[in-house]
Amino acid sequence: MELHALGLNYSHDGSFDIRRPNGSGDNLLLIFKSSAVVRLHGREYSVSPDSAILYKKGTEQIYRACKGFYINHWLHFDCDDTLTRDYSLPYDTIFMLSDAEKTEDILSTISRLSLSESGRREDYIELMLRMLLIRLGEEYSLSKSGQPPRKRSHYADALERLRADIYSSPSGSRNIADMAKTLSVSPSHFQYLYTSRFGVSCYEDILCARMKNAEYYLLSTDMTVKNIADVCGYENDVHFMRQFKRRYNMTPSQFRQKNKK
């Protein structure tokens with residue numbers, strides 16, 4: 001794949017009107033951030049903000065503003081058509097993004113990489129373009145399923161960072177009150193937000209992260225159970241062994257003996 005050009009949040013007045021009968025000479029991804037009118041397959045469609053379309057090279061591109069102003073993201077690139085098929089992403093089809101911010105995060109990363117002085121810049125960009133196509137394929141499948149777009153919470157980014165931190169550093173000392181402060185909400189509201197976002201309580205997620213970490217050390221090292229309890233964030237091995245047995249119905253030593261190759 002090859003990146004040609006990328007623009008984020010490009011804005012125009014109500015006279016904006018693009019007409020390319022033979023396309024732009026490459027593939028074009030458009031993400032509409034304002035309402036617009038798109039002519040496709042001989043018909044005009046009114047599209048809402050956070051709609052997207054991936055034009056195939058050579059396809060007619062006709063779209064315009066419809067409410068006095070126009071804003072979009074755009075990406076011109078070349079790719080093998082087998083990739084879009086592999087990622088279940090059709091050309092020349094309008095679909096809604098259920099979580100536009102995640103797609104925009106990928107586009108922002110590609111934009112930053114395009115300015116990088118790294119000797120492997122092109123490799124990085126190609127990987128991110130693949131990630132973008134995968135993401136868009138998932139979004140298209142969700143839109144086709146008829147499920148309503150999931151409304152992204154005001155706290156979504158902060159919650160996702162917290163969860164990533166929990167799983168990347170499960171041994172860290174954490175409590176609900178401190179995590180709630182990072183979102184400037186009460187502990188009870190934090191727990192509600194966390195469970196609503198991930199379908200599991202924060203406490204259960206911390207426990208799951210620690211148990212996964214324990215599994216890793218039990219099966220890939222010869223560390224003692226006491227040392228594993230320590231690196232997994234437990235104050236003592238008794239508490240660790242009690243929680244481990246409750247979850248796996250066996251002690252850490254029995255788990256190691258049964259599963260270690």
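For the chain, a Gaussian network of Cα nodes joined below 10 Å ranks 103, 224, 59 by mean-square fluctuation, and the top entry is 224.
Excluding ligands, DNA and RNA, what is the solvent-accessible area per residue of the range 1-50 at a probe of 1.4 Å, expressed in Å²?
Per residue, the range 1-50 has an accessible area of 53 Å².
Taken per residue, the accessible surface of the range 149-261 reaches 62 Å², heavy atoms only and a 1.4 Å probe. For the chain, taking Cα atoms only, Rg and Dmax work out to 24.1, 72 Å respectively. Computed on protein heavy atoms with a 1.4 Å probe, the accessible areas place 145, 51 in the order 145, 51, largest first. Estimated from helical segments only, the mean residue ellipticity of the chain at 222 nm is -15000 deg cm²/dmol, where each DSSP H run of four or more residues counts as -39500 (n - 2.57).
Within a straight-line Cα-Cα reach of under 16 Å, residue 67 can be paired with the following aspartates and glutamates, leaving aside sequence neighbours fewer than 8 residues apart in one chain: 13, 17, 44, 50.
What does the charge count around residue 180 come to, taking other residues whose C-beta lies under 15 Å from its C-beta (Lys +1, Arg +1, Asp -1, Glu -1)?
On the way: positive: 161, 163, 174, 181, 197; negative: 165, 178, 205.
Net charge around residue 180: +2.
With the convex hull drawn over the C-alpha atoms of the range 109-261, the volume per residue is 204 Å³. Going by accessible surface with a 1.4 Å probe and the largest first, 195, 84 read 195, 84. Counting protein heavy atoms only, the chain has 48 percent of its accessible area on carbon and sulfur, 1.4 angstrom probe.
The values are calculated or read from the model by the stated rules, or taken from the named source; none is laboratory data. Nothing here was measured: the structure is a model prediction, and the numbers come from that model. Cβ atoms come from the backbone with ideal geometry, glycine included; neighbour counts cover every protein chain shown. Calculation scope for accessible area: heavy atoms of the full protein, side chains included, ligands and nucleic acids excluded. Shrake-Rupley method; radii C 1.70, N 1.55, O 1.52, S 1.80 Å.
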